[in-house]
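Report on one structure; see the data block that follows.
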Amino acid sequence: MSAVQLKYGHELLSLDLPEARVLRPQAIAPKAAPDELVRAALAEPISSPTLNKIVRPGEQVVIVTSDITRYTGSEHYLPVLVDHLNACGIKDDDITVVIALGIHRAQSETEHRKILGSLYGRVKVVDHDCDNPAELVVLGETTNGIPVSVNRCVAEAERLIVTGTVGFHYFAGFGGGRKGLVPGVASRATCMATHFGVFNPPEIGGKHPRAVTGILEGNPVHEAILEAARMIHPDFLLNTVLSPDKEILEVFCGDLEEAHLAGCARCNALYSVALEEPADLAVVSCGGYPKDINFIQAHKALDYGVQALRPGGTLILLAACADGFGNKTFFDWFRHRDLDEFEAALRRNYEINGQTAHATLAKARKFRVILVSEFSPEQTAAMGMEKAAGLDAALTLAQEGLPSRARTVIIPDGGTVLPRIDPPAG
C-alpha cells in the first residue's frame, strides 16, 4: 500500500502504515448536473403527490432551508424549486424563504445570497428567531410533555416545503428531514427539550444507548423531533445527499418521513464502512480545512472514528482547530471532571455546546485519544486527551500499550465515514 495523504488544516501529511486498512466512502460521481437531479426528484417524489397536486395558484408558500453553517446545495435547488412552483401557478410574491437558524445567529446579506444563489432578490427571505415570542406560535405539547413553539410564518403558511441535506448526526441519528423544522424553526425551549432526550430518565442516568450516530429506530431524540415536526404539518420535503466534496449526488422529494428515510438509507450505504472486528488504533483526519476549523466541527470525526475501536483502543485525531473551540462557552464545560457531575449540570442547565463537551469527555474516558492540534497541552488535557506535536510524535505515543500486531485503520475523511463493526456471519 502506498502512503496515505491526510489533510490537517491547510497542510497535507503523509502516512505510511502498510498493514493498516484505509476506510473511505464509496467513490461515486453525480449522475447529472444539480438542476437536473432536482427536477427529476420533483417529477417523481417518494410516497407523496407531485407539487402540482398539492399547491394551488394564489396560495402562500413557505420554503424552509438551512443556514450557512450547514451546506445543503441550496443555491442549486432553491431556484429550481421556485421555478417549479411558478409552473404550478405560484407567483414569486407568494413565496417566502425562511432560514432555519435553530439557535444560531442571524445571517448577513452576503450569506443570504450564498444560500439562495440566483434566486436572491426574487422572493422574500427572513431569518428565524428562536427567542422572539412575537414571531413564535405555540402548537401544544408532545406525548412526552415537550412544549412545541415554532416560527409564526412557518406555522401560518398555507403550504410548507422543508429543504435541507441528509447526513449523519451524532445523537439524532441523521440530520435532514424533520430537523429542518425542529430545531430549525422552533423556539429555544423546544430545541433544548427535544435534544435533552439524549439522556436516559434521571432515575436511570447516563446517555440513552440508541441516541447515537446512524440510528433512528428507538432513538428518543429522533422520536421527539419527529413528533414535534409532525405537529407543524409540512406538505413536502426536498433533501439532498452530498459527496465529501459537497456536490449534490442525489435528491429525495416527497413525504417528510418517507423521503427522509430514503435519504438516510442512501447516506448510510455511501458513508458507512463495515469492519469484521474492531481496531486497536485508528488514525483519523477530519478532512482538513474547513472541516477542522474548530473543535466543535472536529468532534464529528472523533465521534465517528471511535466507532472503529475496541474499548480502550487508541485514536489519533488530526484536527488543526485554527479558530479554537468554535464557541466561547464550549471549553468552560470542562470544569466538570466527573462525568456524573457533568451530566447533572447538563440536566440542570442544558446547552448544546455542553452536550458536545460531555460527549467529547465521555469518549476520551472510554478510549485513548491523542490530539494533534493547535491547542496547548493544558487545553488538550482538560478535554481528557493527550497532546502530540505532530503526526510522527502521535504515532510514537500511540505505540505505548498497543499489542505487537495492532489492528490499525486509517480514515482520511473522518467527518464523513462511519465505521461499523459487522462480525462475519456464523
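Take the Cα of GLU277, step 7 Å toward its Cβ, do the same at ASP422, and the gap between the two points is 1.9 nm. Across the protein chains, with a 1.4 Å probe defining accessible surface, the residues MET231, MET383 rank MET231, MET383 from largest area downward. How many percent of DSSP beta bridges within the chain run antiparallel, rounded to 5? Just about 30 percent of them are antiparallel. Each of LYS328 and SER108 was given a label point 7 Å from its Cα along the Cα-to-Cβ line. The distance between the two points is 1.8 nm.
At a 10 angstrom cut-off on C-beta neighbours, averaged per residue, how do the peptides 124-131, 140-147 rank from highest to lowest? Spell out each step's value before the answer.
Numbers: 124-131: 18.1, 140-147: 13.5.
Highest-to-lowest ranking by the protection proxy: 124-131, 140-147.
Rg/Rh for the range 34-269 stands at 0.95; both radii use Cα atoms, and Rh follows the Kirkwood definition.
Legend: Rg and Dmax of the range 182-280, from Cα coordinates, 15.9, 48 Å. The value of relative contact order for the chain, using C-alpha pairs under 8 Å at least six residues apart, is 18 percent.
Ordering HIS208, HIS112, ILE248 by the projection of their Cα atoms onto the charge dipole of the chain, which places +1 on the Cβ of Lys and Arg and -1 on the Cβ of Asp and Glu, puts HIS208 at the extreme positive end.
Distances longer than 25 Å among the Cα atoms of the range 203-335: what percent of all pairs is that? Display every interim value, and only then the final one.
Working: 3858 of 8778 pairs.
The proportion of pairs with Cα distances above 25 Å equals 44 percent.
Please give the per residue accessible area of the chain, computed with a probe of 1.4 Å over protein heavy atoms only, in Å².
43 Å²
May I ask you to give the percent of accessible area on the range 34-269 that is carbon plus sulfur, with a probe radius of 1.4 Å? Before the final figure, lay out each step's value.
Numbers: 4760 of 9500 Å².
Exposed carbon and sulfur together represent 50 percent of the surface.
If you take all other residues with their beta carbon under 12 Å from the beta carbon of ALA269, and give Lys and Arg +1 and Asp and Glu -1, the sum is +1.
Between the range 304-326 and the range 115-157, what is the C-alpha centre distance in whole Å? Cα centroid of the range 304-326 versus Cα centroid of the range 115-157: 35 Å apart. Length gained on full extension, GLN399 to VAL137: 88.6 nm, using 0.36 nm per residue less the C-alpha separation. Under 5 Å between amide hydrogens, built in the peptide plane, is the criterion, and for THR142 it picks out VAL148 among residues at least 5 positions away or on other chains.
Roughly how many debye, to the nearest 20, is the charge dipole of the range 1-91 about its Cα centre, given +1 on each Lys and Arg Cβ, -1 on each Asp and Glu Cβ, and no other charges?
Details: 9 positive and 10 negative charges, 56 e Å.
For this selection, approximately 260 debye.
Were the residues from SER2 through ALA382 laid out at 0.36 nm apart, the gain over their Cα-Cα distance would be 133.2 nm.
Based on alpha carbons, the Rg and Dmax found for the chain are 21.9, 71 Å. For the set LYS114/LYS207; LYS124/LYS300; LYS7/LYS114, the pairs lying more than 30 angstrom apart at their alpha carbons are LYS114/LYS207; LYS124/LYS300. Between ARG21 and ASN200, the modelled labels are 3.1 nm apart [label points 7 Å from Cα along Cα→Cβ]. Which residues among the range 310-325 fall inside the zone where the amide N is under 17 Å from a point 7 Å beyond the Cα of TYR289, along Cα→Cβ? So the set is 318-325.
The values are calculated or read from the model by the stated rules, or taken from the named source; none is laboratory data. For clarity, every value in this text was computed on a predicted model and none was experimentally measured. Reconstructed Cβ throughout: ideal geometry from the backbone, glycine too, with neighbour counts over all protein chains shown. Heads up: the accessible areas ignore ligands, DNA and RNA and are worked out on the full protein's heavy atoms, side chains in. Shrake-Rupley method; radii C 1.70, N 1.55, O 1.52, S 1.80 Å.
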